[in-house]
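Everything on this sheet refers to the single structure shown next.
The values are calculated or read from the model by the stated rules, or taken from the named source; none is laboratory data. Fair warning: this is a prediction, and the values are worked out from it, not measured in the lab. Backbone-built Cβ (ideal geometry, glycine too); neighbour counts: all protein chains shown. All accessible areas refer to the heavy atoms of the entire protein, side chains included, with ligands and DNA or RNA removed. Shrake-Rupley method; radii C 1.70, N 1.55, O 1.52, S 1.80 Å.
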Amino acid sequence: MKNAILAISEKKEILKQIRKELAEKYEVITFNNLLDAIDMVRESDFDLVLLDNALEGVTVGEAKKKLASIGKEFVTIALVDEVNAETTKELENFGIFAYLLKPIKVEDLDAIILPSLNGLELIKENKRLEEKLAVLEEDTDIIGQSTKIKDVRNLIEKIADNDLPILIVGETGTGKDIIAKEIHKKSERNKGRYAQISCALYPGELIERELFGYERGAFMGANASKKGLLEEIDGGTIYIEDISKMDIKIQSRFLKAIEYGEFKRVGGTKVRKTNVRFLVGTDIDLKQETEKGKFRKDLYHRLTALTIEVPPLRERKEDIPVLANYFLNKIVRILHKETPVISGEAMKFLMEYYYPGNIMELKNLIERMALLSKDKILDVDQLPLEIKTKSDIVENKTVVGVGPLKEILEQEIYSLEEVERVVIAIALQKTRWNKQETSKILGIGRTTLYEKIRKYGLDTK
């Protein structure tokens, strides 16, 4: 897979040159304004950002800060007109990896991009280690005053101190990881280490190696023995996300670790002991998975002795104002901005929305509003169009940039371009304007998708 590069400049000739020189080796997407680029970074992953220092109304450091506040990992290279002490200091202060002088020379691009991408891999690896072996210093309190979330907090108080495994059930984005961290904080193990890992991110045998470790020579590339998380955090707590995606062949070994605190490293013969509290999360019905033969019944019964069900946001809507302001206060501290106020009309829309992505969707929405707004009030104007045109009735849905779905389905369409326009618009709406997901659904590259979005005037969101 090609590395993805995002280039941002208001000068078309610079973007044209970048596309020409890099398109063969990399996946290149270009923007001539910062706001659209911010949306793109929020929705897609990039390895490297080429950022022009001549953007109107914003310094290169400020632009980098806005992009970085989204929380994605990428390396930034600044495109500068000249280098002086002031410019160099600003680049260093904002963590910009390197710079290129304009006009850009092909040999300079080649010489700097590869080291930058290598630097990114080191950054990502360090972050992965930090995330897996996190010490819970941040505030992970559960936000909200609804009856349902109070019931969750009360249940945590009752069961945090025992050492039985706990199954945390909830839709994607409901904050199951926050619940897991809160259980650890309230337990007697809170002085020990806490680890979090996902079976979705470590499929097949990878999760086995991460949990149990491996011996030298256990598989190709195992040049040295390595401890697994169960050894690393002995005495602490581990939260395993997406447990339904754990390979059924590994589930028996996992059950033995829960039942007896015993395991063997991959490729090893020595039985090792671990004293770890197991918390597991799922957004899939495990009972159905057992009936399909995809999940062991004995493991299912072991995990379901203690269960916490995390309510979706649509069932605790009274918490939306509290959560919205909590996320707003966090993002403005990062952006070093004065805290704005969410207008009553905007809050009304936020309260009425369905939130298929739950709390995570609300968080992303508030961060986007704060990033785009220059006013002291976050109003309806900053809300995405899909929030303002929401409906649970298919016939009443509006395809953004095209029109009411009912009318589209009723009309006779003879132009292939018009069919393509409608299909792309519906796919965009289905993925909530996540262009990375849209390109996968349609089976086209992101660059092609962006060209078609611009061609058909679908970029008015």
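Residue by residue, here is whether (1) in a helix (DSSP H, G or I); (2) within 30 Å of ASP163 (Cα to Cα) holds:
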| residue | (1), (2) |
| --- | --- |
| VAL280 | no, yes |
| PHE295 | no, yes |
| ARG302 | yes, yes |
| VAL322 | yes, no |
| PHE327 | yes, no |
| VAL332 | yes, no |
| LYS348 | yes, no |
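Entry remark, the range 205-233: residues being open to solvent by 60 Å² or more (accessible area, probe 1.4 Å) and assigned to a helix (DSSP H, G or I) number 3 in total. Here the condition is being modelled with pLDDT under 85, assigned to a helix (DSSP H, G or I) and loosely packed, with under 15 Cβ neighbours inside 10 Å; of GLU338, GLU395, GLU318, it holds for GLU395 alone.
Regarding GLU309, is this residue touching a Ser or Thr at 6+ places or on another chain (Cβ under 6 Å) and either open to solvent by 10 Å² or more (accessible area, probe 1.4 Å) or in contact (Cβ under 8 Å) with a residue 24 or more places away in the chain (or both)? Give the steps one after another, and end with the answer.
Numbers: touching a Ser or Thr at 6+ places or on another chain (Cβ under 6 Å): no; either open to solvent by 10 Å² or more (accessible area, probe 1.4 Å) or in contact (Cβ under 8 Å) with a residue 24 or more places away in the chain (or both): yes.
When the stated conditions are applied, GLU309 does not pass them.
Contact annotation: residue pairs with Cβ atoms under 8 Å, 6 or more positions apart or on different chains, pairing a residue in the range 284-297 that is over 18 Å from THR172 (Cα atoms) with a partner that is open to solvent by 90 Å² or more (accessible area, probe 1.4 Å), are THR290/LYS297. Of all residues in the range 124-149, those satisfying the criterion of being surrounded by 14 or more Cβ atoms within 10 Å (Cβ to Cβ) and either at pLDDT 85 or above or within 18 Å of the chain's Cα centre (by Cα) (or both) are LYS132, ALA134, THR140, ILE142, ILE143, GLY144, SER146, LYS148, ILE149. Within the range 339-358, residues that are closer than 14 Å to ILE320 by Cα and without any contact (Cβ under 8 Å) to a residue 40 or more places away in the chain reach partners that are not in a helix (DSSP H, G or I) and not hydrophobic (A, V, I, L, M, F, W, C) with beta carbons closer than 6 Å, at six or more positions or on different chains, in the pairs SER343/ASP379; ALA346/ASP379; TYR353/LYS390.
Could you go through the range 111-121 and let me know if any residue there is at pLDDT below 90 and among the charged types (D, E, K, R). Yes - at least one qualifying residue is present in the range 111-121. Of a type in the set (D, E, K, R), in a helix (DSSP H, G or I) and either more than 22 Å from TRP433 (Cβ to Cβ) or modelled with pLDDT of 85 or more (or both): is that true of GLU367 in this structure? Judged against the criteria, GLU367 is a match. For the range 289-306, the criterion of a residue being touching a Ser or Thr at 6+ places or on another chain (Cβ under 6 Å), at pLDDT below 95 and surrounded by fewer than 16 Cβ atoms within 10 Å (Cβ to Cβ) is satisfied by no position.
This table checks each residue for (1) part of a loop (DSSP other than H, G, I, E, B); (2) open to solvent by 10 Å² or more (accessible area, probe 1.4 Å); (3) in contact with a Ser or Thr (Cβ under 8 Å, 6 or more places away or on another chain); (4) within 22 Å of ARG368 (Cβ to Cβ).
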position: LYS20; (1), (2), (3), (4): no, yes, no, no
position: GLU24; (1), (2), (3), (4): yes, yes, no, no
position: ALA37; (1), (2), (3), (4): no, no, no, yes
position: GLY57; (1), (2), (3), (4): yes, yes, no, yes
position: GLU62; (1), (2), (3), (4): no, yes, no, yes
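Could you list, in sequence order, the residues of the range 273-322 that are under 22 Å from HIS184 (Cβ atoms) and among the polar types (S, T, N, Q)? Selection gives THR274, ASN275, THR282, THR304, THR307.
Matching residues to (1) closer than 16 Å to SER373 by Cα; (2) touching a Cys at 6+ places or on another chain (Cβ under 6 Å); (3) open to solvent by 10 Å² or more (accessible area, probe 1.4 Å); (4) at pLDDT 90 or above:
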position: VAL41; (1), (2), (3), (4): no, no, no, no
position: LEU48; (1), (2), (3), (4): no, no, no, yes
position: ASP81; (1), (2), (3), (4): no, no, yes, no
position: THR88; (1), (2), (3), (4): no, no, yes, no
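If you take the residues in the range 234-273 that are among the polar types (S, T, N, Q) and surrounded by fewer than 22 Cβ atoms within 10 Å (Cβ to Cβ), which one is nearest to ALA218 (Cα to Cα)? Give the steps one after another, and end with the answer.
Within the range 234-273, the first condition is being among the polar types (S, T, N, Q), and the residues that meet it are 237, 244, 251-252, 269.
In the following step, the residues that additionally are surrounded by fewer than 22 Cβ atoms within 10 Å (Cβ to Cβ) were identified as 244, 251-252, 269.
Values: SER244: 26, GLN251: 19, SER252: 19, THR269: 11 Å.
It comes out as THR269.
For the range 368-384, residues that are touching a residue at least 24 places away in the same chain (Cβ under 8 Å) and open to solvent by 20 Å² or more (accessible area, probe 1.4 Å) total 8.
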